[in-house]
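Trainee: Mind having a look at this structure? Questions to follow.
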Amino acid sequence: MIDRAAGAALLVIALVDGVRWLRVAQREHYLSGSVTRFALRWRWVALGLGVRGRTSKLAWTRRMRVLAFVAVFIHVGIILSMSAFGLPFSGSALFALLLVPVTVDAALLATAPIERRLGGRFVRRATEKLRTIAPTVVAITGSYGKTSTKVVLAHLLSGTRSVSASPASFNNRAGLARAINEGLSTGTDVFVAEMGTYGPGEIAELCAWCPPDIAVMTAIGPVHLERFKNEDNIVKAKSEIFASARTVVVNFDDPRLVAVADSVTDKRVLRVSGTRSDADAAVIDGDVYVRGTKVGRVETLATAPTNAAAAVAVAIELGVSPADVVKRLATAPGAAHRLEATTAASGVVVLDDTFNSNPAGARRALELLKASGSPTGRRVLITPGMVELGSRQRAENEAFAADAGAVASVIGIVGQTNAAALAAG
């Protein structure tokens with residue numbers, strides 16, 4: 001009787017714990033292996049990870065319901081298998097509880113082929129829609145800066161062209177197909193597509209059914225290193241975007257991308273910069289240059305200079321006049337939650353940079369924090385640190401925290417993932 005009661009209690013705990021790990025699976029784009037990776041990082045205990053969540057609530061979509069059913073099926077199978085070997089019910093339930101992250105990953109692996117097949121019909125529909133409407137396709141990739149460049153480019157084009165852009169971070173197979181099926185309409189001249197990747201071959205597959213006419217590489221940095229291992233692999237995987245494009249746009253300020261540009265001999269190559277006025281397009285301290293000639297000035301930019309320069313280069317390539325580009329660049333919005341500045345009722349200025357984070361973006365956020373407000377004003381930084389930096393994660397977070405200590409009056413550390421590294425820094 002005691003064994004049954006203990007086993008039942010452990011099953012309830014496993015159910016609640018499973019929902020928490022399902023949240024991780026959904027947040028990590030249903031990638032098999034991601035849940036166990038986070039479990040190892042958190043020492044197998046999801047401290048502070050609620051069932052509902054605050055920033056990424058669990059959505060009970062059809063896919064999630066299927067995943068949950070398969071995960072429960074595997075969980076029960078583990079218990080029955082252990083019991084068959086003579087382990088008490090409570091012991092079997094405890095063993096299965098400890099394996100919940102692995103169970104969710106196993107369910108992700110089992111359901112992946114089914115989901116891919118189901119998603120195929122949406123890809124086919126998107127492919128046909130692209131063929132019928134036949135817009136000029138601009139594809140943007142990079143370790144960071146993709147969304148910001150996309151938002152600015154769509155704004156620059158919208159004054160003279162009919163343009164549609166993939167929303168938010170809809171940059172994988174399912175998201176891009178949905179963006180086309182739901183957002184692309186007859187008469188659209190330009191479709192701006194953000195393309196992301198977690199490994200080799202993914203961008204090549206996207207380009208197979210959504211081939212870009214113009215491909216943009218914004219920047220390369222230590223993002224998703226847990227999957228890519230090093231930045232050379234990132235360059236190689238993201239360079240797949242250039243294969244079918246007639247024009248490629250690269251960040252001239254990144255030596256790795258200069259090497260990539262130099263290796264492209266069968267396409268038109270446009271180099272952009274935030275420091276060199278001799279690039280095909282450059283934005284330097286607010287001054288806008290096109291092929292070495294200053295064409296205007298913008299007092300405030302909603303994004304990093306290199307992102308703005310990439311958008312300028314593409315807009316010019318698509319026939320927008322330099323005068324129109326400069327005029328619209330001055331009113332270009334930034335990506336949501338990317339250093340968005342608002343003023344609270346109390347008068348406190350809030351810089352919202354919660355969309356994403358990487359070492360380069362974190363440095364820029366600190367620079368803006370330092371420049372904001374009065375010289376004697378109080379500056380507060382709230383951060384969970386940066387993730388998915390592989391073996392460099394602790395060092396990068398320590399360095400970020402050390403720099404932040406010289407800028408902020410108060411630093412609040414959110415969550416457990418990088419707490420030790422941030423505190424040390």
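The values are calculated or read from the model by the stated rules, or taken from the named source; none is laboratory data. Quantities reported herein were computed from a predicted structural model and do not represent experimental measurements. FYI the Cβ positions are ideal-geometry reconstructions off the backbone, even for glycines, and counts take in every protein chain you see. These area figures cover heavy atoms from the full protein model, side chains too; ligands, DNA and RNA do not enter into them. Shrake-Rupley method; radii C 1.70, N 1.55, O 1.52, S 1.80 Å.
Trainee: For the range 81-92, give me each residue that is assigned to a helix (DSSP H, G or I) and either touching a residue at least 24 places away in the same chain (Cβ under 8 Å) or within 13 Å of L67 (Cα to Cα) (or both).
Mentor: Passing the criteria: F89, S90, S92.
Trainee: Give the range 322-352 a look and list any residue that's part of a loop (DSSP other than H, G, I, E, B), small (G, A, S) and touching a strand residue (DSSP E or B) at 6+ places or on another chain (Cβ under 9 Å), or say none.
Mentor: A330, G334, A336, A344, listed by residue number.
Trainee: Kindly evaluate L130 against the criterion of being touching a strand residue (DSSP E or B) at 6+ places or on another chain (Cβ under 9 Å), part of a helix (DSSP H, G or I) and either modelled with pLDDT under 90 or buried (at least 17 other Cβ atoms within 10 Å of the Cβ) (or both).
Mentor: yes
Trainee: Moving on to the next point. Just for the range 93-104: of the residues that are surrounded by fewer than 23 Cβ atoms within 10 Å (Cβ to Cβ) and assigned to a helix (DSSP H, G or I), which one is modelled with the highest pLDDT?
Mentor: The qualifying residue modelled with the highest pLDDT is V102.
Trainee: Scan the range 226-270 residue by residue and report those that are touching a residue at least 24 places away in the same chain (Cβ under 8 Å), surrounded by 19 or more Cβ atoms within 10 Å (Cβ to Cβ), assigned to a helix (DSSP H, G or I) and of a type in the set (A, V, I, L, M, F, W, C).
Mentor: Correct list: F228, I234, A237, I241, F242, L257, V260.
Trainee: Hey, can you tell me all the residues within the range 414-425 that are open to solvent by less than 70 Å² (accessible area, probe 1.4 Å) and of a type in the set (A, V, I, L, M)?
Mentor: Passing the criteria: A419, A420, A421, L422, A424.
Trainee: Are any of the residues in the range 387-408 open to solvent by 50 Å² or more (accessible area, probe 1.4 Å), among the β-branched types (V, I, T), part of a strand (DSSP E or B) and without any contact (Cβ under 8 Å) to a residue 60 or more places away in the chain?
Mentor: Checking the range 387-408: not a single residue is open to solvent by 50 Å² or more (accessible area, probe 1.4 Å), among the β-branched types (V, I, T), part of a strand (DSSP E or B) and without any contact (Cβ under 8 Å) to a residue 60 or more places away in the chain.
Trainee: Which of the residues spanning the range 274-290 are farther than 22 Å from A365 by Cβ and in contact (Cβ under 8 Å) with a residue 12 or more places away in the chain?
Mentor: Once the filter is applied, which keeps residues that are farther than 22 Å from A365 by Cβ and in contact (Cβ under 8 Å) with a residue 12 or more places away in the chain, the range 274-290 yields R276, S277, D278, A279, D280, A281, A282, V288, Y289, V290.
Trainee: Here is a follow-up. Inspect all residues belonging to the range 373-381 and state whether any of them is part of a loop (DSSP other than H, G, I, E, B), open to solvent by less than 50 Å² (accessible area, probe 1.4 Å) and without any contact (Cβ under 8 Å) to a residue 60 or more places away in the chain.
Mentor: The answer is yes, given that some residue of the range 373-381 is part of a loop (DSSP other than H, G, I, E, B), open to solvent by less than 50 Å² (accessible area, probe 1.4 Å) and without any contact (Cβ under 8 Å) to a residue 60 or more places away in the chain.
Trainee: Restricting attention to the range 158-205, and to residues there that are over 18 Å from V216 (Cβ atoms) and among the hydroxyl-bearing types (S, T, Y), which single residue is modelled with the lowest pLDDT?
Mentor: Among them, the one singled out is Y198.
Trainee: Applying the selection to the range 337-353, what residues are in contact (Cβ under 8 Å) with a residue 24 or more places away in the chain and either farther than 21 Å from T300 by Cβ or hydrophobic (A, V, I, L, M, F, W, C) (or both)?
Mentor: Result: L339, A341, V349.
Trainee: Now for a separate question. Does D262 fit the bill of being under 22 Å from the mean Cα position of the chain (by Cα), charged (D, E, K, R) and farther than 19 Å from R328 by Cβ?
Mentor: Taking the combined requirement at face value, the residue does not satisfy it.
Trainee: Return the residues of the range 271-308 that are at pLDDT 90 or above, surrounded by fewer than 21 Cβ atoms within 10 Å (Cβ to Cβ) and hydroxyl-bearing (S, T, Y); say none if nothing qualifies.
Mentor: Result: T275, S277, T293.
Trainee: Which residues, taken from the range 188-225, are open to solvent by 50 Å² or more (accessible area, probe 1.4 Å), of a type outside the set (D, E), part of a loop (DSSP other than H, G, I, E, B) and free of Cβ contacts under 8 Å to residues at least 60 places away in the same chain?
Mentor: P200, the sole residue that qualifies.
Trainee: Among the listed residues A335, A362, which satisfies the condition of being within 20 Å of V283 (Cβ to Cβ) and either more than 19 Å from the chain's Cα centre (by Cα) or not basic (K, R) (or both)?
Mentor: A335
Trainee: Going by the conditions given, is R23 open to solvent by less than 50 Å² (accessible area, probe 1.4 Å), in a helix (DSSP H, G or I) and modelled with pLDDT of 80 or more?
Mentor: So R23 passes the test.
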